[in-house]
1. Probe radius 1.4 Å, ligands and nucleic acids ignored: give me the carbon and sulfur share of the accessible area of region 1-79 as a rounded percent.
2. Picking from Gln122, Gln92, Gln16, which is most flexible by a Gaussian network model of the chain using Cα springs under 10 Å?
3. What residues have an amide H closer than 5 Å to that of Ile29, excluding those fewer than 5 places away on the same chain, when H is modeled at 1.01 Å from N in the peptide plane?
4. Taking K and R as +1 and D and E as -1, what net charge do the other residues with C-beta under 12 Å from the C-beta of Ala91 add up to?
5. From the phi of every residue in region 3-9, what ³J(HN,Hα) in whole Hz does the Karplus formula 6.51 cos²θ - 1.76 cosθ + 1.60 yield, where θ is phi - 60° and glycine or proline is x?
6. Hey, what's the Cα Rg ratio for the chain versus the globular rule of thumb, 2.2 N^0.38 Å?
7. Residue-wise, which Karplus ³J(HN,Hα) couplings in Hz belong to region 75-85, taking 6.51 cos²θ - 1.76 cosθ + 1.60, θ = phi - 60°, and x for glycine or proline?
8. If the elastic network links every pair of Cα atoms under 10 Å, which of Leu45, Leu147, Leu107 fluctuates the most in the Gaussian network model of the chain?
Amino acid sequence: MRLILMGPPGAGKGTQATFVAQHHGVPAISTGDIFRANVSQGSELGLEAQRYMDAGEYVPDEVTNSMVRNRIAEDDAAPGFLLDGYPRTLAQVQELDSMVEATGHRLDAVVVLTVEMDEIVQRLLQRAQTEGRTDDTEDVIRRRQELYIEQTEPLVEVYRERGLLVEVNGMGEVAEVTSRILDALDSSPQS
């Protein structure tokens, strides 16, 4: 199973990615986790990524593409993967298409979590407090939402046109949302 999990920042993608990936026996690959790992290691890439993340901006495509290409080429991703946070731009969609085609596979589905904006802002402000995340200020949260609408929402239409889109209500308890995702994937024509 090769999946993409999309939705605005704060929609619960990271939480759901873990459960859905475990259910399908594939790794959950989060660009945010990859960036944070590089930041904590103090790598050159991590320092560059930190500048963008602190400003609420996306890390440049060339950096992100290389990291994703390397990650999906690892042995544990051979049977499939769940991407969380990638692709975010139309250029990244094209890059991912070539990555997946090079392995002789195709994407199975693109799950989009839909969540009300006020709920997202509250979730992210709460996460900032509990996890001490400096990249989750209200200004940065609002900037990320603007970027999502400008750059990432058009991807939803691309995947809808390809017949891969599975929209799921991301509001409610974690277990309820997980159940909705798994049910939607089971009834999806690509499954």
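1. 50 percent
2. Result for the chain, Cα springs under 10 Å: Gln122 fluctuates most.
3. Excluding prolines and chain starts, which carry no amide H, the hits are Leu82, Leu83, Asp84.
4. Around Ala91, the charge tally is -3.
5. So the Karplus estimates, Gly and Pro as x, are 10, 10, 10, 10, x, x, x Hz.
6. Computed over Cα atoms of the chain, the ratio equals 0.98.
7. Listing the rounded values in order: 4, 5, 9, 4, x, x, 6, 10, 8, 10, x Hz.
8. Comparing Leu45, Leu147, Leu107 in the GNM, the peak value goes to Leu45.
The values are calculated or read from the model by the stated rules, or taken from the named source; none is laboratory data. Keep in mind that this is a model prediction, so the values were computed, not measured. Glycine gets a Cβ as well: all are built from the backbone with ideal geometry, and neighbour counts include every protein chain shown. Accessible surface areas use protein heavy atoms only, side chains included; no ligands, DNA or RNA. Shrake-Rupley method; radii C 1.70, N 1.55, O 1.52, S 1.80 Å.
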